[in-house]
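Quick notes on the structure that follows.
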Amino acid sequence: MGSGNKAAAHNTGCRVYVAPDGDQIFSMFDVARSGEGQPGRGTKEYTGRTGKYVGLTGHAEYTASGLKTLDKNAPDMFEGHVQGSYKLQSLMAKSVTQ
């Protein structure tokens, strides 16, 4: 979700990353751009996960810049750079013995 024009924009939303085996990582993002031709700058928080990613936490900052296309009818294209960190805590199953 977001709003903007050539002068400025602000977007927030969520992303789901899916591994080939179906395990997922969920994230929320918040990005803003001020000034025509300026890159968008934002943050990302990892908010949920399934399967082998259970226990993952993290935060990232990123920039996104629009790319010029040769075809004026082509969809908008962006180049992004992400820098951050994550931690994957090992979760061991507990067993009850009698």
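The values are calculated or read from the model by the stated rules, or taken from the named source; none is laboratory data. Worth saying up front: this structure is predicted, and the values here are computed from it rather than measured. Don't worry about glycine lacking a Cβ; one is built from the backbone with ideal geometry, like all the others, and counts go over all protein chains shown.
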Just for region 47-81: of the residues that are of a type in the set (Phe, Trp, Tyr) and within 27 Å of ALA8 (Cβ to Cβ), which one is surrounded by the fewest Cβ atoms within 10 Å (Cβ to Cβ)? PHE78
Return yes when THR50 is among the β-branched types (Val, Ile, Thr), within 30 Å of LYS6 (Cα to Cα) and more than 14 Å from the chain's Cα centre (by Cα) and no when it is not. no
Scanning region 3-12 for residues that are surrounded by 13 or more Cβ atoms within 10 Å (Cβ to Cβ) and small (Gly, Ala, Ser), which turns out modelled with the lowest pLDDT? GLY4
Quick one: would you say TYR46 is touching a His at 6+ places or on another chain (Cβ under 8 Å) and in a strand (DSSP E or B)? yes
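Residues checked against (1) in contact with a helix residue (DSSP H, G or I) (Cβ under 6 Å, 6 or more places away or on another chain); (2) at pLDDT below 85:
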site	(1), (2)
CYS14	no, no
PRO20	no, no
ILE25	yes, no
ALA32	no, no
GLY37	no, yes
ARG49	no, no
ALA64	no, no
GLN98	no, yes
Select from region 1-21 the residues that are outside any loop (DSSP other than H, G, I, E, B) and of a type outside the set (S, T, N, Q) and list them in ascending order. GLY2, GLY4, ALA8, ALA9, HIS10, GLY13, CYS14, ARG15, VAL16, TYR17, VAL18
